[in-house]
């Protein structure tokens, strides 16, 4: 039994099939139908590049967040010296966010979820101590959390595409 490679998804198909079993490329279709299918397939394939771009932006935001937390610790260092627990807590938050940024591309789901949980925990503790803290920096908080959640969405869509088309 001989196979032919699909021009769209590059997967092997049996010679006597009319449609690619993976991407439904019309082997016996007109040139227009084939071109339209390849164009749509390339558009769908863009999710892989979108996911990579989204991960890179989330990585940069995590570095920015770690830097801003570090700046806050430096500015409030004299106050934090009197509260060793707060100093240790803030240091751990900085290390977790920074490590998540560094390791994000190695295990995207894990290192996208960890900073979301940590940041929500920090925002919750700050809210419990001072309810006004929830609205301070709300744009930055929403930007970071939204970017991380969007990266999870893109990453999962990319993985579904890769699995479906054997990429």
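The values are calculated or read from the model by the stated rules, or taken from the named source; none is laboratory data. Source: prediction; values computed, not measured. We place every Cβ from the backbone using ideal geometry, glycine too, and count neighbours over all the protein chains shown.
Before we move on, is residue 138 assigned by TED's automatic domain parsing to the domain that holds residue 56 and touching a helix residue (DSSP H, G or I) at 6+ places or on another chain (Cβ under 8 Å)?
For residue 138, the condition - assigned by TED's automatic domain parsing to the domain that holds residue 56 and touching a helix residue (DSSP H, G or I) at 6+ places or on another chain (Cβ under 8 Å) - is not met.
Any idea which of 145, 120 is in contact with a helix residue (DSSP H, G or I) (Cβ under 9 Å, 6 or more places away or on another chain) and either assigned to a loop (DSSP other than H, G, I, E, B) or under 14 Å from residue 62 (Cβ atoms) (or both)?
After ruling out the rest, the residue left standing is 145.
Of all the helices (runs of 4 or more DSSP H) wholly in segment 7-117, which have at least 2 residues that are in the same structural domain as residue 139 (by TED's automatic domain parsing) and over 30 Å from the mean Cα position of the chain (by Cα)?
77-82, 84-103
Run down 70, 87, 80, 104 and say which single residue is touching a residue at least 40 places away in the same chain (Cβ under 8 Å) and touching a helix residue (DSSP H, G or I) at 6+ places or on another chain (Cβ under 8 Å).
Matching residue, one of 70, 87, 80, 104: 104.
For segment 27-44, which residues satisfy the criterion of being without any contact (Cβ under 8 Å) to a residue 60 or more places away in the chain and under 19 Å from residue 166 (Cβ atoms)?
The answer is 27, 37, 38, 40, 41, 42, 43.
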